[in-house]
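Derivation of every value follows stated rules applied to the coordinates shown; laboratory data play no part. In this text, all values refer to a predicted model and were calculated from it rather than measured experimentally. Every residue, glycine as well, gets a Cβ built from its backbone with ideal geometry; the counts of neighbours run over all protein chains shown.
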2 protein chains.
Amino acid sequence: MPTPIAALDTPAALIDIPRMQHNIQRMQQRMNTLGVRLRPHIKTSKCLPVIQAQLAAGASGVTVSTLKEAQHCFSQGILDVFYAVAVAPGKLPQALALRRQGCNLSLLTDSVAGAQALVAFAQQHDERLDVWIEIDCDGHRSGLAAEDEALLDVARILSDGGMHLRGVMTHAGSSYELDTPEALQVLAEQERALCVRAAQRIRATGLACPDVSIGSTPTALSALNLDGVTEVRAGVYVFFDLVMHNIGVCQPDELALSVLTSVIGHQPEKGWVITDAGWMAMSRDRGTQRQRQDFGYGQVCSEAGVWLEGARVTGANQEHGIITLHTVDGDDITERFPIGSRLRILPNHACATGAQFPDYHALDADGGVHTWSRLHGW
Amino acid sequence: MPTPIAALDTPAALIDIPRMQHNIQRMQQRMNTLGVRLRPHIKTSKCLPVIQAQLAAGASGVTVSTLKEAQHCFSQGILDVFYAVAVAPGKLPQALALRRQGCNLSLLTDSVAGAQALVAFAQQHDERLDVWIEIDCDGHRSGLAAEDEALLDVARILSDGGMHLRGVMTHAGSSYELDTPEALQVLAEQERALCVRAAQRIRATGLACPDVSIGSTPTALSALNLDGVTEVRAGVYVFFDLVMHNIGVCQPDELALSVLTSVIGHQPEKGWVITDAGWMAMSRDRGTQRQRQDFGYGQVCSEAGVWLEGARVTGANQEHGIITLHTVDGDDITERFPIGSRLRILPNHACATGAQFPDYHALDADGGVHTWSRLHGW
């Protein structure tokens, strides 16, 4: 039985279900048009009803960032799971257990030593693991360069060791530093071309490399063509956030996650409204700090979700948020935002803000609120 | 039955129990010497065995940042609980329920409107609430100035409304911006003097104002005298962290919280070691960013806890940490920190890093590991 929003305690993480469904459709239709599968990264939501909505719209399997997410998805009947972080050898027993229960779990490596550890473990347990190789397309984190000689060594080690080399994958994480369509198109093409090139180099040695998986929300929404790519992984598009808004890949009315908060005080001479959504609720993510617009710890909206221009969370302690307002003479913020009144805050980074909450409260089109639980920890 | 550290999955939040006990003794003895009660702020640990160790050492009651913490403490037999955030009117029914179950819960307000809401609610429910008034001693957040006329209005509203005015409290949060003993002593004296002054102003009207509560870890460890103060609230001292180290109130061997992580890859030409402790494990807190030493997302130590000079987590994605090392010719980081090896990361901010984990793993002096659960959410 849905409860009304007025019955919620604060702070609360709200999902606007119609916006979320719109975002899911937008990305899925784009991937359908580009002729690739979509394997959403569920690290953003870590929430089953959200994942089920993505699968219902046409997603092919899921991407996860932890084995706990993999376990949870599998326990809910989702079999095709890609653990897209180079696996630590100490986690292989847990991965093996999942596979032996029937989960079609794919693993990732980006080094000779990592591949050797995978092969040694798999051979010891008479197992043929599904393995992808990570490609570095923009220098921002992990992966092997497409032209790196070690790429072919890793492919050979996996193949000779009896593993199932599923393909190559990359993530253009540096897309978060861009904010023009032109720059995003260039990076999207670089991500595509380098990952396809890595697959071609492996195939040229006679090895099979069926899949080419790329993805980040900004590049997925900017690519002009995805020739040679078989699947896209993207995550944050399901909720979007202020970082994505600054990058230019979503509109304000596509932001589906917000934090409901109560006003608990004021410092009128400073133009401050104090709320109960501090950094424990918003997270410490300051992802917009070096972007086009710095939103502090978040953009303030009315309880109904209307963007209040110029009102931002400029400071945060653990359970105190400080909203700074542009006030004009005669504007009494204690009257405009009285103690006990409620606001919604749009977060910088949906993945980080969501992680602060054990549950989401999901608002349907009729104003009903559904409680959706969320994974926490590893 | 304690398990060895080698059996832990990563990332894991480790508490060094001997260090924690040392920190608890250090603060308690200091407060005993200064002749005040210590009411530790449990928002740092949110963990019962930690709180119990603080109480066993002599703490008088607890300070909490959420009613969930209050509920948890009360359910474990801790009766004297101060909810030290100005209470949102919407939370009063939950507070009342706790009091009616037998919890000696104190509430906080810093405004006429807040006091009126408290009185109206209490009178409606025939209840005499324990209420403190928040004083602003350094302009960093909430509270009334000691000389504010509204201070006496609030005291009168509470008293006339039948509430039990417990006292005044303040928190010198701006101590986090200082890093010399002299500056900290000055702020500690300002915190003491302004809070005592507020109490004196209330008493001069004929009202009782028995308690004067101050506190932040840096000022508590810097105050030369606490004349007129009856209790100190401090939290992060129980674990300390890199922010406190930069402020100058703890030594490296007093940092009791760290994150155990596994090496999952390298970018040798960049001097990068990639781990499985990204921002989901460390939090997004960059509290050392504008301090004396910027530790990135954390200081790297060996698995045994030995500080590795010059090794810091300079980048973090959700489940990837990037450690940057100063390397010299011939130093092969793939050999020095092989895939699967483990490290410990000291966090910027213990309150924020702890919050990322459902459990702590607490190491006793014999190397045994105990699993201690932690509160999450509101």
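Quick one: Cα convex hull volume of the stretch A:123-189, Å³ per residue?
94
I'd like the mean, over residues of A:80-91, of how many other protein chain beta carbons sit within 10 Å of each residue's own Cβ.
So the per-residue partner count for this stretch is 5.
Cα atoms only, the stretch B:250-371: Rg and Dmax in Å?
Just the Cα atoms of the stretch B:250-371 yield Rg and Dmax of 14.0, 42 Å.
Counting pairs of alpha carbon atoms under 8 Å apart in space and at least six apart in sequence, what relative contact order in percent does chain B give?
Taking the mean separation of contacting Cα pairs over the length of chain B, I get 20 percent.
How would you order A:358-370, A:264-276, B:252-264 from highest to lowest mean count of nearby Cβ atoms within 10 Å?
Ranked by mean Cβ neighbours within 10 Å, highest first: B:252-264, A:264-276, A:358-370.
From the P(r) of the protein assembly as shown, can you give the percent of Cα pairs sitting at distances over 36 Å?
Above the 36 Å cut-off, the protein assembly as shown has 44 percent of its Cα pairs.
Subtracting the Cα-Cα distance from 0.36 nm times the residue separation, let me have the gained length for A:H370 to A:Q190 in nm, one decimal.
Length difference between fully extended and current span is 60.7 nm.
With everything on Cα atoms, drop me the angle between helix A:149-160 and the longest principal axis of chain A, reported from 0 to 90° to the nearest 10.
Once rounded, one gets 70 degrees.
Run down the lysines and flag those whose C-alpha is under 21 Å from the C-alpha of A:K43, throwing out any fewer than 8 positions away in its chain.
In chain and number order, the partners are A:K68, A:K91.
Report, in deg cm²/dmol and to the nearest 500, the calculated mean residue ellipticity at 222 nm for chain A, where each DSSP H run with n ≥ 4 adds -39500 (n - 2.57) and the sum is divided by the residue count.
Counting only the DSSP helices, I get -9000 deg cm²/dmol.
Helix B:112-124: angle to the longest alpha-carbon principal axis of chain B, degrees 0 to 90, nearest 10?
Between helix and principal axis, roughly 70 degrees.
Using the Cα atoms of the stretch B:210-283, I'd like the radius of gyration and the largest Cα-Cα distance, Dmax, both in angstrom.
18.6, 64
How long are the semi-axes of the ellipsoid equivalent to the stretch A:169-298, from square roots of 5 times the Cα gyration tensor eigenvalues, in whole Å, largest first?
Gyration-tensor ellipsoid for the stretch A:169-298: 40, 14, 11 Å.
Quick one: 3J(HN,Hα) in Hz for the stretch A:50-61, Karplus 6.51/-1.76/1.60 with θ = phi - 60°, rounded, Gly and Pro as x.
With coefficients 6.51, -1.76 and 1.60, one gets 5, 4, 5, 5, 5, 5, 4, 7, x, 5, 9, x Hz.
Convex hull over the Cα atoms of the stretch B:13-111, averaged projected area in nm²?
Averaging across all directions leaves 7.2 nm² for the Cα convex hull.
When N is the residue count of the stretch B:317-378, what does its C-alpha Rg come to as a fraction of 2.2 N^0.38 Å?
Expressed relative to 2.2 N^0.38 Å, the Cα Rg reads 1.52.
How many nanometers, to one decimal and shortest first, lie between the label point of B:G139 and those of its other copies, if labels sit 7 Å from Cα toward Cβ?
4.4
For the stretch A:34-236, what size does the Cα cloud have along each of its three principal axes, sorted from largest down, in whole Å?
Taking the Cα atoms of the stretch A:34-236, the three principal extents are 50, 43, 26 Å.
Give me the Kirkwood hydrodynamic radius of chain B, using the inverse of the mean 1/r over all pairs of distinct Cα atoms, in Å to one decimal.
21.8
Quick one: helix A:17-34 against the long Cα principal axis of chain A, what's the angle to the nearest 10°, folded into 0 to 90?
It is inclined by approximately 30 degrees.
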